[in-house]
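The values are calculated or read from the model by the stated rules, or taken from the named source; none is laboratory data. Quick caveat: nothing in here was measured; it's all calculated off a predicted structure. Note that each Cβ is placed from the backbone with ideal geometry, even for glycine, and that neighbours are counted across all protein chains shown.
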Amino acid sequence: MLRFIEHSGWAGAELQPLAGDASTRRYVRLVRNGRTAMLMDQPRGAETATCPPSASAQERRALGYNAMARLAGPDCRPFAALSHYLRGRGLSAPEVLAHDYELGFLLIEDFGDGRFADLIAGGRAERPLYEAAINALVDLHAQPAPSTLSVPGAGAVHLLGYDAVAMEAEVLLLPEWFIPAASGAPLSGEAREEYVAAWRGALAQLTERAPVVVLRDYHAENLMWMDQRTGIARAGLLDFQDALAGSPAYDLISLVEDARRDVSVDLAHAMTRLYIAARKSRETGFDEEAFRFAAALLAAQRNTKIVGIFARLWKRDGKPRYTAYLPRMWGYLDRGSIPRVEWSWPRASGSGCVR
């Protein structure tokens, strides 16, 4: 790491490690002569490999979670590729200043300390920040997702689809990790089969004719206020290396059903209306009903997945602080999705089959 820093022109910089997050990456701020940059360290052996673009559903299941959910895994090239793409669209993503893809090091632009979540906690009005996030999303969704993304200095990566195999792998994290942690016993085989069948039936209804780039962790802790920039560039984007091609509703749900902070129902509805109005003004024939249906389904899918992920972070990775977010996630699932729809989902008797 020190050799990479030196070869990147930052020898002698003060190293300020940042607090860890839910990933295997770590970040170190470099400070020298009044300038700063951010070092991203993605250990190459810390995660299992992702799948090749041509892998079948059966092959992906055999390769494990990363291949099924199609994550960036131990490769930092997807971050560089997404940064290049987003910046080319006029959005604010950190510029990659230097790279060593083989060792897993990137030196990237430092966006400072203006996280939306921190600014709001400090008394900043939340609505203008969320409106900036919505405006950036609308612009990102104005174009369909490309099939490949150029990696500066290293060819290209495929932007894979956020499909039913990926989403099924994610919702299976709940019975795999949360149920044993909460009940002390694994889910029975019969109950698991019923759970999988229910999700497969639901996910089969999700079709997206024009997939967009889905950043996947689009929320207040990954958004930075860029005070010196204007327009869509005011919302700085972080943590997008796991992007896929999928429904535009997913990132809206990420924003307004935030796992780490409470977002009021009023604000969630207001931002949903703002997004839909902006899409309608840009696109003839925008299907609001289909969008709201996708948002309802993806809200359930995402929040179910996160319950499983936070339980896994606790039990497998020794990060019990994530259990503090679980009541919020169950609250989202209890109240239903934020879009108002005129039909009801079939419910099991009692308090719901998941619990």
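Observations on the structure shown:
- Candidate set: the range 314-337, residues that are part of a loop (DSSP other than H, G, I, E, B) and among the charged types (D, E, K, R); chosen: the one surrounded by the fewest Cβ atoms within 10 Å (Cβ to Cβ): R316
- The number of residues in the range 206-260 being among the basic types (K, R) and at pLDDT below 95 comes to 3.
- Check on V214, within 16 Å of M167 (Cβ to Cβ) and crowded, with 22+ Cβ neighbours inside 10 Å: yes
- Single condition E193 does not satisfy, out of (1) part of a loop (DSSP other than H, G, I, E, B); (2) within 29 Å of T50 (Cβ to Cβ); (3) acidic (D, E): (1)
- Once the range 7-28 is narrowed to residues that are assigned to a strand (DSSP E or B) and farther than 17 Å from C76 by Cβ, the residue that is modelled with the lowest pLDDT is P17.
- The test for being hydroxyl-bearing (S, T, Y), farther than 29 Å from M38 by Cα and either out of contact with any helix residue (DSSP H, G or I) (no Cβ under 9 Å at 6 or more places or on another chain) or assigned to a helix (DSSP H, G or I) (or both) does not hold for T207.
- Per the listing V265, V256, the residue uniquely of a type in the set (V, I, T), surrounded by 15 or more Cβ atoms within 10 Å (Cβ to Cβ) and in contact (Cβ under 8 Å) with a residue 24 or more places away in the chain is V256.
- Which listed residue is outside any loop (DSSP other than H, G, I, E, B) and modelled with pLDDT of 95 or more, from F4, F111: F4
- Selection status of L97, touching a Cys at 6+ places or on another chain (Cβ under 6 Å) and modelled with pLDDT of 95 or more: no
- Close pairs from the range 46-57: first under 19 Å from R77 (Cα atoms), partner basic (K, R) and modelled with pLDDT of 75 or more, Cβ under 6 Å, at least 6 apart: C51/R60
- Residue in the range 127-143 that is in contact with a Phe, Trp or Tyr (Cβ under 8 Å, 6 or more places away or on another chain) and in a loop (DSSP other than H, G, I, E, B) present: no
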